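Notes follow the structure.
The values are calculated or read from the model by the stated rules, or taken from the named source; none is laboratory data. Given the structure is predicted, the values throughout are model-derived calculations rather than measurements. So basically every Cβ, Gly included, is an ideal-geometry build from the backbone, and we count neighbours across all protein chains shown. Accessible surface is based on the protein model in full, side chains and every heavy atom, while ligands, DNA and RNA are left aside. Shrake-Rupley method; radii C 1.70, N 1.55, O 1.52, S 1.80 Å.
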Amino acid sequence: MERPAWAPRSIDITVPSVSRMYDYYLGGSHNFEVDREAARKAMEFMPGLPKVMQANRAFMRRAVRYAVSEGVTQFLDIGSGIPTFGNVHEVARAADPEARVMYVDHDPVAVAHSKVVLEGDDRADILAADLRKPQEILGSDEVGRLIDLNRPVALLLVAILHFVEEADDPYGAVAELREALAPGSMLVLTHATYEGIPLPPGRAEGAVDVYRDMRNPLIMRTREEIARFFEGYDMVEPGLVPMPRWRPDTAPEDEDPYAFSGLAGVGRTA
């Protein structure tokens, strides 16, 4: 397999990547055949996966616009993935040109491509770090330069927590990040769940197995388990809901049934 110029020499292009599969679902070009093969295998069980990812991105954009409308113009996007059209800094700056965005990801391709996209941008940056190690993020020079933790921050954990296993204490990581943020900060979150998937659970489990076989288990938490991530936050209306039902721009009834396969919510600290 020939290595594209944008792919860092350090990555193994024979092993599928969650972020590159996500890029493929969204119609991006920063993925390899091994990623496309894994994604197509998952789609054999859940053919609507691209619709799920599109709904996820649409929610993210609405939530970013909402945050800016509430006066929050600093964004910490952990698990940001490979930049695509309508990314956080583009949406935020359309609402406020002074908005600042700190992207964080541990995928080398996502980091490398983000560096290219953000080159010369003094109000957005990318940090190679892992959600499971909050202090490495919070104490980094990049975050210190760009984000004022004494002012409200919108923390984006979009389609990332369902890749963090219980053994890695995802609730502890989210709480640690919350404690470091100023009052008035927000948590913007989406998470996979069996609730709302227009398939029998046994069939949806086939797609989950594809990720498990990649050694990137997809943890399908319940509504109650997902709600726990918002401890310490006041939920913004309409609460924790299927992605198309969070402050929609268009009638949710017009959405593809697969778009409802996942829960989304925004919380704010007092």
(Q) Can you give me the accessible area per residue for the range 56-122, using a 1.4 Å probe, in Å²? (A) 38 Å²
Q: Please get the size of the charge dipole for the range 154-270, origin at its Cα centre, with Cβ charges of +1 on Lys and Arg and -1 on Asp and Glu, quoted in debye to the nearest 20.
A: 100 debye
Q: Would you be so kind as to identify all helices of the chain, as entire DSSP H runs, whose Cα atoms reach 20 Å or more along the helix's own axis and whose mean Kyte-Doolittle hydropathy is at least -0.5?
A: 49-69
Q) Once Rh is set to the Kirkwood radius over Cα pairs, what Stokes-Einstein translational diffusion coefficient, in µm²/s, holds for the range 92-209 at a temperature of 20 °C and a viscosity of 1.002 mPa s? A) 132 µm²/s
Q) Can you pull the three principal axis extents for the Cα set of the chain, in Å, largest first? A) 46, 42, 37
Q | Residue-normalised accessible area of the range 9-48, expressed per residue, 1.4 Å probe, Å² | A | 48 Å²
Q: With a cut-off of at most 12 other beta carbons within 10 Å, and DSSP calling the residue loop, which trypsin sites (Lys or Arg not before Pro) in the range 8-89 qualify? Please list them.
A: Arg9
Q) Quick one: with all protein chains in place, what share of the accessible area of the chain is carbon or sulfur, to the nearest percent (1.4 Å probe)? A) 50 percent
Q | Neighbourhood net charge (14 Å Cβ-Cβ; Lys/Arg +1, Asp/Glu -1) for Met220 | A | -3
Q | Lys, Arg +1 and Asp, Glu -1 on Cβ, resulting dipole of the chain about Cα centre, debye, nearest 20 | A | 300 debye
Q. Which net charge results when you count Lys and Arg as +1 and Asp and Glu as -1 among the other residues whose beta-carbon is under 15 Å from that of Gly81?
A. -3
Q.
Students often check this: by mean Cβ neighbours within 10 Å, which of 238-244, 150-156 ranks highest, and how do the rest follow?
A. 150-156, 238-244
